[in-house]
Every structure is written in C-alpha cells, then in structure tokens.
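A.B. asks: The structure that follows is given in the form of structure tokens.
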Amino acid sequence: MRAAVVTNTKFSVEELPTPTPGRGQVLINVSRCGICGSDLHARAHADEMAELAARTGYDQFMRAEQSVVLGHEFSGEIVDYGPGCRKRWRTGTPVVALPIVRHDGAPQLTGLSTAAPGAYAEQVVVQESMTMPIPNGVSAEHAALTEPMAVAWHAVRKGRVGKGQTAFVIGCGPIGLAVISMLKAAGVRTVVASDFSPRRRELAVGCGADIVVDPATESPWAAAPKRGRINGVTDILSLGFDTMERLRRVPNLPWWYVFRLAHSLNAGPAGPAIFECVGVPGIIDQILMAAPPLSRVVVVGVCMETDRFQPAMAINKEIELRFAFGYDPGEFRDALHMIADGKVDPARLITGTVGLDGIDNAFSALADPEQHAKILIDPASTATTP
C-alpha cells in the first residue's frame, strides 16, 4: 500500500507492506483522514512530545528519527478481519474507529507510534471493539471528523455548561470551532468566540457562535451579555448581604439549611464557562486575570512549553481550572451520531482536501490561519494542493 511516512520532519510517500490485522483487529481501507494539530506538533516536536508521554506512562510515542505513518482522524471501509474477531460487519461496511489498538496486551496510539501506523495511508488497522459503523447518509468526509468532534464534546462535558450560562471560546482554530459546534449542539444559548484571525472569526460564526470578537480591538468579556453577570468579588459579597437580608426576614427559618440545599444542588452563584483553545504560553494567565469570578476554565489547547500563572488570582476569584484531553468510547459514539442527526455540521471545518502526495503542502498551508482550518487526506486523490 501507499503511505506518507515522516522521518526527521520530512515526508515521503512510500510503498509499504499491506498491514496484517492481529487478534481482535480489523483492516480497513482509508476513505478520508484529517490532519490534526497534534500531527503538526508531532512532526516538528516529536522528541519533546515523547518525553512528555513517557512521564505520563506511555513510552511508545514516536521519536523524530523514527519513520512513522501519522493520522488518527479517519473513516474507512471494512476489508478483512484478524483472528478472534466476531466479524460484526460485512466487507465494505463504512466505519470509524477510536485511534487506539492493543498489541501484546499493551495499548498503542494509532498514528503516533511505530507500533501502530496511522491513516496517512491507503489502509490502517483498527481494534474491532473500538470500531463503529457509520450511520446511513453520513459522508466519509464528515465521518472522519468524528474524532476531533469527540475531543470537543469531551471538553464541553467537562465544562458542565448550563444552557443559560455564557460560554467563551478563546481561540477559533479547528478545536475551538469544534467546541463552538458542540456547545450549540448542547443547547447553550450564548457563545462568545474570540480570535485575531478574520477568517477564523468568519468560521466561528458559521459554527454557531452568537458573538464574535477580535481581541485586538475588543475584550470578549465586555462583549458578553451583562444581565445578571458577576463582574467582581464585590458582587459576590453584595449577593451574600442581599441573600442573608432576605432569609432573615422569614421568622424561625433555619437559613443555613438553605445554603446546604444550594450546595447539594450545586445551585449557588456561578460565572461563565471558558474554553481555552489556543495552547500557547501566557493564555491561561491572561484568562485568569480577566475572567469573572466563579468561572470554570477548561483548557483544551495543548501547550507544549512551560507556562506560568498567578494562583492567587484564581484563588481570590475562586476560578475552577480543568484540563481536557481525548474522550471515552461513549463520547466518540455520541459525536458520530450528533453528526448523523444533524446536530453538528463538521462541513464548516473542512477547507481543503489533498492526496498522499499533497500532505507536505497541506502542512505548510495550515501554518496560515487565514487559509485553512481542517484539511482532509483522500488516499485515492491526486491533488497536491488543498
């Protein structure tokens, strides 16, 4: 089969042996594969990522000098089964799969390890237990975006955003756009998106953002609806006075039980949910400095450098800081069916398609936010420019 192989940051298209599915595994023909931001990082900073992965417990992450087939956002069709499979689907069935396989009992990350070649290729091996049929009517292009949409859905669930809350999305690259789409699919009524790029702001509107700002000229926090908003610590203290004065007017009321009930129902005052989708040093600190008190910040952007922020600022504002990465199989399935049901439209993210010979050009194009958001690879295509 033909595959695009990266070695020491350089791509080459090579003829590789047809992959052989192991026990419990399935061979699929790749229909489409998305280029992910983590692929861009892996190409340029593989060794740093490998060291980080090793410290978290995974020591098989690709190294720069290794020859690796990238690609973990893909759709395809069933070709063959390995031993021990239940053979749930007929040959030719369109499927997607979580990009993880098991070799000798150990999990391997598809497209990010020599042990699990990815889908920048005509064929890829997946785990049968992690494979899901594509519902009727969903195109290969849209199905290939199940994986990044699942990342966004996981982040939105981490944010526990109420429909009446304001959600801020800082950074409107592919993952930020996916988060906007998933927030609107979850019924969040007010989504404020912020990005320096005019093109990305345009895409954010297409994905459903209600308010879109250029942070060079306008603060996203000032653009949000002001009704009922907590702007500072004094607002929280004033709310405490007002609440106690109202409760004290009720004779013989054990007012402390009201507070306990509010705590148990998580019904106290709350700030907005904020999704950091930039992933560069300094962004978290900027958010903590400017965000309203009681905000919940979900860090989705992957910053590969050392960063710093002032904990005292977050403490005084009681800001909740969460970090999101990946998804579980249920969230992956949910994302696929949200696409099938029309609750999210991944077409908004797709800005170009190339064949295997065009991957190097696609990576270069993705460096300019004014050109592209998500570029797909079609192994059968001869296109060399997105």
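The values are calculated or read from the model by the stated rules, or taken from the named source; none is laboratory data. Just so it is clear, the model here is predicted, and its values are computed rather than measured. For neighbour counting, all protein chains shown are included, and Cβ atoms are generated from backbone atoms with ideal geometry for every residue, glycine included. Protein only, heavy atoms only, side chains kept; ligands, DNA and RNA dropped before computing areas. Shrake-Rupley method; radii C 1.70, N 1.55, O 1.52, S 1.80 Å.
A.B. asks: Between residues in the range 322-342 that are touching a residue at least 40 places away in the same chain (Cβ under 8 Å) and residues that are in a helix (DSSP H, G or I) and surrounded by fewer than 21 Cβ atoms within 10 Å (Cβ to Cβ), which pairs lie under 6 Å by C-beta distance while being six or more apart or on different chains?
C.D. replies: 322/158; 324/158
A.B. asks: Looking at the range 300-318 only, could you name the residues that are open to solvent by 20 Å² or more (accessible area, probe 1.4 Å) and closer than 20 Å to residue 192 by Cβ?
C.D. replies: Listed by number, the list holds a single entry, 317.
A.B. asks: Here is a further query. Kindly indicate whether any position in the range 282-299 is among the small types (Gly, Ala, Ser), surrounded by fewer than 21 Cβ atoms within 10 Å (Cβ to Cβ) and touching a strand residue (DSSP E or B) at 6+ places or on another chain (Cβ under 6 Å). Give the steps one after another, and end with the answer.
C.D. replies: At the first step, the residues of the range 282-299 found to be among the small types (Gly, Ala, Ser) are 282, 290-291, 295.
Then drop every residue that is not surrounded by fewer than 21 Cβ atoms within 10 Å (Cβ to Cβ), which leaves 282, 290.
Subsequent filtering for residues that are touching a strand residue (DSSP E or B) at 6+ places or on another chain (Cβ under 6 Å) retains none.
Looking for residues that are among the small types (Gly, Ala, Ser), surrounded by fewer than 21 Cβ atoms within 10 Å (Cβ to Cβ) and touching a strand residue (DSSP E or B) at 6+ places or on another chain (Cβ under 6 Å), one finds none in the range 282-299, hence no.
A.B. asks: For the range 16-37, how many residues meet the condition of being in a loop (DSSP other than H, G, I, E, B) and open to solvent by 20 Å² or more (accessible area, probe 1.4 Å)?
C.D. replies: Initially, the range 16-37 is screened for residues in a loop (DSSP other than H, G, I, E, B), giving 16-24, 35-36.
Retained after the next criterion (residues that are open to solvent by 20 Å² or more (accessible area, probe 1.4 Å)): 16-20, 22-23, 36.
Residues in the range 16-37 being in a loop (DSSP other than H, G, I, E, B) and open to solvent by 20 Å² or more (accessible area, probe 1.4 Å): 8 in total.
A.B. asks: Name the single residue, out of those in the range 260-277 being open to solvent by less than 70 Å² (accessible area, probe 1.4 Å) and not in a strand (DSSP E or B), that is nearest to residue 186 (Cα to Cα). Before the answer, list the steps.
C.D. replies: Applying the first criterion (open to solvent by less than 70 Å² (accessible area, probe 1.4 Å)) to the range 260-277 yields 262, 267-268, 270-277.
Retained after the next criterion (residues that are not in a strand (DSSP E or B)): 262, 267-268, 270-272, 277.
Values: 262: 24, 267: 20, 268: 22, 270: 19, 271: 18, 272: 15, 277: 18 Å.
Across the range 260-277, the extreme among qualifying residues is 272.
A.B. asks: Then there's this: So, in the range 67-118, exactly how many residues are in contact (Cβ under 8 Å) with a residue 40 or more places away in the chain, under 20 Å from the mean Cα position of the chain (by Cα), within 25 Å of residue 138 (Cα to Cα) and in a loop (DSSP other than H, G, I, E, B)?
C.D. replies: Counting residues in the range 67-118 that are in contact (Cβ under 8 Å) with a residue 40 or more places away in the chain, under 20 Å from the mean Cα position of the chain (by Cα), within 25 Å of residue 138 (Cα to Cα) and in a loop (DSSP other than H, G, I, E, B) gives 7.
A.B. asks: Report yes if residue 121 is without any contact (Cβ under 8 Å) to a residue 60 or more places away in the chain and under 25 Å from residue 64 (Cβ atoms), otherwise no.
C.D. replies: Working: without any contact (Cβ under 8 Å) to a residue 60 or more places away in the chain: no; under 25 Å from residue 64 (Cβ atoms): yes.
So residue 121 does not fit the description; no.
A.B. asks: Mind counting the residues in the range 137-158 that are out of contact with any helix residue (DSSP H, G or I) (no Cβ under 8 Å at 6 or more places or on another chain) and either open to solvent by 10 Å² or more (accessible area, probe 1.4 Å) or over 14 Å from residue 97 (Cβ atoms) (or both)? Steps first, answer last, please.
C.D. replies: Our first condition is that a residue be out of contact with any helix residue (DSSP H, G or I) (no Cβ under 8 Å at 6 or more places or on another chain); within the range 137-158, this holds for 139-140, 144, 158.
Pick out the ones that are also either open to solvent by 10 Å² or more (accessible area, probe 1.4 Å) or over 14 Å from residue 97 (Cβ atoms) (or both) and you get 139-140, 158.
So the answer is 3.
A.B. asks: What's the number of the condition residue 332 fails, among (1) more than 15 Å from residue 36 (Cβ to Cβ); (2) open to solvent by less than 40 Å² (accessible area, probe 1.4 Å)?
C.D. replies: Of the numbered conditions (1) more than 15 Å from residue 36 (Cβ to Cβ); (2) open to solvent by less than 40 Å² (accessible area, probe 1.4 Å), the odd one out for residue 332 is (1).
A.B. asks: Further question: So which of 6, 13 ends up being crowded, with 19+ Cβ neighbours inside 10 Å and either touching a residue at least 12 places away in the same chain (Cβ under 8 Å) or touching a helix residue (DSSP H, G or I) at 6+ places or on another chain (Cβ under 6 Å) (or both)? Quick ask: steps written out before the conclusion?
C.D. replies: Values: 13 fails: crowded, with 19+ Cβ neighbours inside 10 Å.
Going through 6, 13 in turn, just one is crowded, with 19+ Cβ neighbours inside 10 Å and either touching a residue at least 12 places away in the same chain (Cβ under 8 Å) or touching a helix residue (DSSP H, G or I) at 6+ places or on another chain (Cβ under 6 Å) (or both): 6.
A.B. asks: Is there a residue being of a type in the set (Ser, Thr, Tyr) and closer than 24 Å to residue 276 by Cα anywhere in the range 140-157?
C.D. replies: We begin by selecting, within the range 140-157, every residue of a type in the set (Ser, Thr, Tyr); these are 146.
Cutting the leftovers down to closer than 24 Å to residue 276 by Cα gives us 146.
Yes, the conditions are met somewhere in the range 140-157.
A.B. asks: Is it true that residue 253 is open to solvent by 40 Å² or more (accessible area, probe 1.4 Å) and either part of a loop (DSSP other than H, G, I, E, B) or under 16 Å from residue 320 (Cβ atoms) (or both)? Full working, then the answer.
C.D. replies: On the way: open to solvent by 40 Å² or more (accessible area, probe 1.4 Å): yes; either part of a loop (DSSP other than H, G, I, E, B) or under 16 Å from residue 320 (Cβ atoms) (or both): yes.
Yes, satisfied.
A.B. asks: If you don't mind, another one. Out of (1) in contact (Cβ under 8 Å) with a residue 40 or more places away in the chain; (2) closer than 17 Å to residue 195 by Cα; (3) over 19 Å from the mean Cα position of the chain (by Cα), what's the single condition that is false for residue 292?
C.D. replies: (2)
A.B. asks: Would you confirm whether any residue within the range 38-53 is open to solvent by less than 10 Å² (accessible area, probe 1.4 Å), under 26 Å from the mean Cα position of the chain (by Cα), within 27 Å of residue 142 (Cα to Cα) and touching a residue at least 60 places away in the same chain (Cβ under 8 Å)?
C.D. replies: So the first thing to find is which residues in the range 38-53 are open to solvent by less than 10 Å² (accessible area, probe 1.4 Å), and the list is 39, 42, 46, 50.
Right, trim to under 26 Å from the mean Cα position of the chain (by Cα) and you get 39, 42, 46, 50.
Those still in the list that are within 27 Å of residue 142 (Cα to Cα) too: 39, 42.
Checking the rest, the ones that are also touching a residue at least 60 places away in the same chain (Cβ under 8 Å) come to 39, 42.
Looking for residues that are open to solvent by less than 10 Å² (accessible area, probe 1.4 Å), under 26 Å from the mean Cα position of the chain (by Cα), within 27 Å of residue 142 (Cα to Cα) and touching a residue at least 60 places away in the same chain (Cβ under 8 Å), one finds at least one in the range 38-53, hence yes.
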